[in-house]
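The values are calculated or read from the model by the stated rules, or taken from the named source; none is laboratory data. It should be emphasised that the depicted structure is a prediction, and the values quoted were computed from it without experimental measurement. Virtual Cβ from ideal backbone geometry, glycine too; neighbours counted across all protein chains shown.
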Amino acid sequence: MFLNEVIELIRKIDKEKVEIFLSKPAMEILTRYKILEKLEGYKINDEGNTSIFVITKLFSGRFDKIVIAPCSTNTIAKMVHGISDTLVTNIFSQGGKLRIPIYILPSDNQEFIEFSTISGKKHLLFMREIDKENLKKLAKFEGVKIFNNVRELEAALFDQG
């Protein structure tokens, strides 16, 4: 969840200080729900680009942190098990190897969440045990910080102290 809140957080940051890396599903969602338009003017990389060339940007030294938000349970599972087969999981892997701090806002980080579909129908999604275990494991990774909500993430991003 958190998608709209994360987009609003991004918009609070100077466009010159942000580079966005989108997974294929994220690009599909942002396009379908017409959210991508809100990021006009930001540098956006997606799976359509050859991952390896996009990832080499991490070696430029201009990134002082990586933020993966919102982060799906699927992506978290891949990170925990060392699978780097998408743009986002490759960035996580290489960023970790470069010792760049990584901030993660899991989309599922509560016992259950309520959300509404585009038609307005409400649903409850419950965290599975495996998702809870993966989140605990990820929190133990060196250089990784897990956030419970956008407010916490925002405070960390704007904390200069």
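Test of understanding: among Pro106, Pro101, which residue is surrounded by 15 or more Cβ atoms within 10 Å (Cβ to Cβ), more than 19 Å from Asn74 (Cβ to Cβ), touching a residue at least 24 places away in the same chain (Cβ under 8 Å) and under 17 Å from the mean Cα position of the chain (by Cα)? Write out each step before concluding.
Numbers: Pro106 fails: more than 19 Å from Asn74 (Cβ to Cβ).
Among Pro106, Pro101, only Pro101 is surrounded by 15 or more Cβ atoms within 10 Å (Cβ to Cβ), more than 19 Å from Asn74 (Cβ to Cβ), touching a residue at least 24 places away in the same chain (Cβ under 8 Å) and under 17 Å from the mean Cα position of the chain (by Cα).
Identify all residues within segment 43-59 that are exposed (fewer than 15 other Cβ atoms within 10 Å of the Cβ) and either at pLDDT 90 or above or within 16 Å of the chain's Cα centre (by Cα) (or both); write none if there are none.
The first filter runs over segment 43-59 and keeps only residues exposed (fewer than 15 other Cβ atoms within 10 Å of the Cβ), leaving 43, 48-50, 52-53, 56, 59.
The answer is Lys43, Phe59.
Mind checking whether some residue in segment 91-107 is out of contact with any Gly (no Cβ under 8 Å at 6 or more places or on another chain), among the hydroxyl-bearing types (Ser, Thr, Tyr) and part of a helix (DSSP H, G or I)?
no
So which residues in segment 113-130 are part of a loop (DSSP other than H, G, I, E, B) and touching an Asp or Glu at 6+ places or on another chain (Cβ under 8 Å)?
Once the filter is applied, which keeps residues that are part of a loop (DSSP other than H, G, I, E, B) and touching an Asp or Glu at 6+ places or on another chain (Cβ under 8 Å), segment 113-130 yields only Met127.
Can you name the residue in segment 60-80 that is in a loop (DSSP other than H, G, I, E, B) and touching a residue at least 12 places away in the same chain (Cβ under 8 Å) and is also surrounded by the fewest Cβ atoms within 10 Å (Cβ to Cβ) among such residues? Full working, then the answer.
To start, the set of residues in segment 60-80 that are in a loop (DSSP other than H, G, I, E, B) comprises 61-65, 72.
From what is left, the residues that are touching a residue at least 12 places away in the same chain (Cβ under 8 Å) are 63-65, 72.
On the way: Phe63: 15, Asp64: 8, Lys65: 13, Ser72: 17.
Per the stated criteria, the residue is Asp64.
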